[in-house]
1. Would it be correct to say that residue 126 is in contact with a helix residue (DSSP H, G or I) (Cβ under 6 Å, 6 or more places away or on another chain), modelled with pLDDT of 70 or more and surrounded by fewer than 18 Cβ atoms within 10 Å (Cβ to Cβ)?
2. In the stretch 144-163, how many residues are modelled with pLDDT of 75 or more and surrounded by fewer than 22 Cβ atoms within 10 Å (Cβ to Cβ)?
């Protein structure tokens, strides 16, 4: 085992701030980042990921690998909630099974940010189109989960009527997180390279500074 590498990973500021968040929760500290600040940081991280991914995608040749990745991502986002729902329905209510199944199928932006931060710290490059895959995987899982809920859960007489499929699709696509990362991805693709280089400190350096603070909150 490479002891130096192990120590370097354990003393990573991102990990240490994450541990700080866990400690604060365990000791029931009143340490808390204001909700408005957390929302801003979350939106900023999604913007930075989308924009950087769009820039990398703009400078990458359009190959079959991109189409395969997008198609495979959409397939996974649709299949995972499908089989997860029927497994969970054995122990949970239909509504709980549908909610958990949708969460399992949709990719977590927080997890993606953590992976991107780790790759950046290790100096490992990744294809920009993976941001597009992440963005596209969000909506199908939610839609499948709600369709299953509408199919197997009968509303009671006192419950309000369910939304139609069109409303569900519209809400999933126009969700703030999805719209931010997809919009930033498109802007990154069409933005001028020289102009984009001028805001690189904002899209890269501040990104690395904000990520540990968000880790301490999400812990």
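1. In short, yes.
2. Going through the stretch 144-163, the residues modelled with pLDDT of 75 or more turn out to be 144-152.
Filter again for surrounded by fewer than 22 Cβ atoms within 10 Å (Cβ to Cβ), leaving 147-152.
Selection size over the stretch 144-163: 6.
The values are calculated or read from the model by the stated rules, or taken from the named source; none is laboratory data. All values reported here derive from a predicted model rather than from experimental measurement. FYI the Cβ positions are ideal-geometry reconstructions off the backbone, even for glycines, and counts take in every protein chain you see.
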